[in-house]
Amino acid sequence: MPAVDVSGLVVRYPGDVTAVDGLSFTAEAGEVLALLGPNGAGKTTTVETLEGYKSPTSGTVRVLDLDPVADHARLTPRIGVMLQKGGVYPGIRPVEGLRLFAAFYDSPEDPAGLLDRLGLAGVARTPWRRLSGGEQQRLSLALALVGRPEVAFLDEPTAGVDVAGRQIIREVIGELRSRGTCVLLATHELDEAERVADRVVIVDHGRLLAEGTPAALMSASERTTIDFGAPPGLDVTGLSAAVGAVVVEVRPGRYSVATAPSPATVAALTAWLAEQDLALGDLRAGRQSLEDVFLRLTSDS
Amino acid sequence: MTARVLAQTRVELALTLRRGESVLLSLGIPVLLLVFFSVVDVLPTGTDEPIDFLAPGVLALAVMSTAMVGLGIATGFERQYGVLKRLGSTPLGRPALLTAKTLAILFVEVLQVAVLVAVSLALGWRPSGSVATVVPAMLLATVAFSGLGLLMAGRLRGEAVLAAANSLYLVLLLLGGMVIPVAELPGALRAVARALPAAALSDVLHATSTAGAVPGRAWAVLAAWALAAPLAAAATFRWE
């Protein structure tokens, strides 16, 4: 039994807006699954259906083999929720909020230890409204985790968080995985998905576009171009002849060579540039980045 | 359940008592009205001592400010900030949340009554009538005013609740027989005032000073609002 099971999920809002359109995926205990997609892809709607805030228009969702709406009271002790925005009393102090939430669960984490782990010990008594954006996000994460959930739903956990804060959040997610927690992460940040997720589900317009480990997604589609940056206005005709493939300047200073990357082609390209004494900006000839995969998939959909 | 309710009540109380404007509203203004108008005898109270009219009226005001204005504004902002939504996915549950909010309100009211009665006695108030009716009247009024507060909080944005609740507070303060006797109002306005929960509550509370009989109409009005307001709130309330 998967910890999270989404099957043929359709969610339609009044006015015939279809937010989720036939989505299916599963996530296991001890797995970090990233639901990746642009803004408006249906990520939050999917997560809120799993949290029991919304009912499916059709299809089914199961969390720990329970129905999030019908079995809500049996499910809440076993899940942790981090909303995309807000969810905390503006005047509450972090230590106060964590003690309150700890009282809701049977065997909670120690609030002081959790504050320390998330780097919030120094602001334990600062009202929420005076915390920085990153501190507010980390407090929301702490509140989601204080009940030792079996499934954690984190909606854009790193939004507005600085580099150090992101590092802490990644580590904490890693600890959840090793403890056997299922983490469902909704994010539009490719970098985060690539770094923390075991598996990525790419969605857009409420539909699944691709699914797999970040490595599998990146190697699945072979690159068919070599892309590089150089001074604008190169002699692309001469260069095309030198490398034996068509070169176009896609926008000033950005070039694309229409051939599968091979060491020989790359060598010819760099040799030609060296002859002309031209600076080479970045060169992308290896496997595709998750960003390439994502952009290709979401621009087609 | 009990531990959760107690933890939630403690936080609701702490947050309420920490907000300057809510302390001003629940204690500052009532005490100020009490002291000012009992020293400056300009109100047409119809009693020998202004305090005999003011003390029950200000107690009614205290209930209204805590149950309607304080609860309404706090809940409106909690809804706007997603606090109610977030609590919905914890094991707390809605009945426990409502219980906690109720307990917090009752606690604040007990505090208000203690302070206001002490100040009133110091200003020379000598309650003579039936005190036994005070508690049920205050409870009924708390239910009615809470319903009105939640009716606003369940639909309007925090800022809009702030404006609406404070306006209603001012209107009911003037029409509620709290500082100005309803009998002094012109005919049509008097009829409207008598149908509102504020005047009904002050009618009952004024009987503690005058030893007069409590009009049955006041109880009926209070009971009707205590039934209708929470029902309307429950029917229209949005948790998100």
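The values are calculated or read from the model by the stated rules, or taken from the named source; none is laboratory data. Bear in mind that the values here come from a model prediction, so they are computed numbers and not experimental data. Here the Cβ is made from the backbone with ideal geometry for all residues, glycine too, and neighbour counts use every protein chain on show. Ligands, DNA and RNA are excluded from the accessible area calculation, which covers all protein heavy atoms including side chains. Shrake-Rupley method; radii C 1.70, N 1.55, O 1.52, S 1.80 Å.
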### Task
Check the straight Cα-Cα distances from residue A:43 and name the lysines below 28 Å, setting aside those fewer than 8 residues away within the same chain.
A:54, A:85, B:85
### Query
So how long is each side of chain A along the principal axes, counting just the alpha-carbon atoms, biggest first, in Å?
72, 46, 37
### Message
Less than 15 Å Cβ to Cβ from residue A:130, Lys/Arg counted +1 and Asp/Glu -1: what total charge do the surrounding residues give?
### Response
+4
### nm² value of the averaged projected area, convex hull over the Cα atoms of segment A:157-284
10.9 nm²
### Task
Would you kindly work out the equivalent ellipsoid of segment B:187-230 from its C-alpha gyration tensor and give its semi-axes, the square roots of five times the eigenvalues, largest first in whole Å?
18, 14, 8
### Query
For residue B:29 and residue B:190, what does the FRET efficiency come to when R0 = 41 Å and r is the distance between their Cβ atoms, rounded to the nearest 0.05?
0.95
### Query
Hey, any idea what Rg/Rh is for chain B, computing Rh the Kirkwood way over Cα pairs?
0.98
### Helix-only CD estimate at 222 nm, as mean residue ellipticity for chain B, using -39500 (n - 2.57) per DSSP H run (n ≥ 4)
-23000 deg cm²/dmol
### Task
On a 0 to 90° scale, report how tilted helix A:263-275 is relative to the longest principal axis of chain A, with both axes built from alpha carbons and the result rounded to the nearest 10.
60 degrees
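How many square angstrom of accessible surface are buried between A and B, both sides summed, with a 1.4 Å probe and rounding to 100?
When A and B are taken together, about 2200 Å² of accessible area is lost.
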### Task
Pull up the cross-link candidates among the aspartates and glutamates for residue B:101, meaning alpha carbon to alpha carbon under 14 Å and not fewer than 8 places away within one chain.
B:12, B:78, B:109
### Message
If I fit a long axis through the Cα atoms of helix B:197-210 and take the longest principal axis of the Cα atoms of chain B, what angle between them do I get, 0 to 90°, rounded to 10?
### Response
40 degrees
### Distance between modelled label sites at residue B:48 and residue A:110, nm, 7 Å Cα→Cβ extension
6.7 nm
### Message
Counting only helical runs of four or more DSSP H residues, what would the 222 nm mean residue ellipticity of chain A come to if each run contributes -39,500 (n - 2.57) and the total is spread over all its residues?
### Response
-10000 deg cm²/dmol
### Message
Starting from the Kirkwood Rh over alpha-carbon pairs, what translational D in µm² s⁻¹ does segment B:152-240 have by Stokes-Einstein at 10 °C and 1.306 mPa s?
### Response
110 µm²/s
### Query
Whole-Å semi-axes of the protein assembly as shown's equivalent ellipsoid, largest first, each the root of 5 times a Cα gyration tensor eigenvalue?
64, 24, 21
### For residue A:152, residues with placed amide H under 5 Å, excluding near neighbours
A:80, A:182, A:183, A:184
### Task
Calculate what fraction, in whole %, of the accessible area of segment B:2-236 sits on carbon and sulfur atoms when a 1.4 Å probe is rolled over the protein chains.
73 percent
### Message
For a quick check, take a GNM of chain B with Cα springs below 10 Å and name the residue from B:100, B:132, B:153 with the largest mean-square fluctuation.
### Response
B:132
### Query
Once the Cα atoms of helix B:71-80 and of chain B are each reduced to a long axis, what angle between those two axes, in degrees from 0 to 90 to the nearest 10, is obtained?
20 degrees
### Summary
Taking a crude spin-label model, label points 7 Å out from Cα along the C-beta direction, the residue A:250 to residue A:73 distance in nm is 5.7 nm
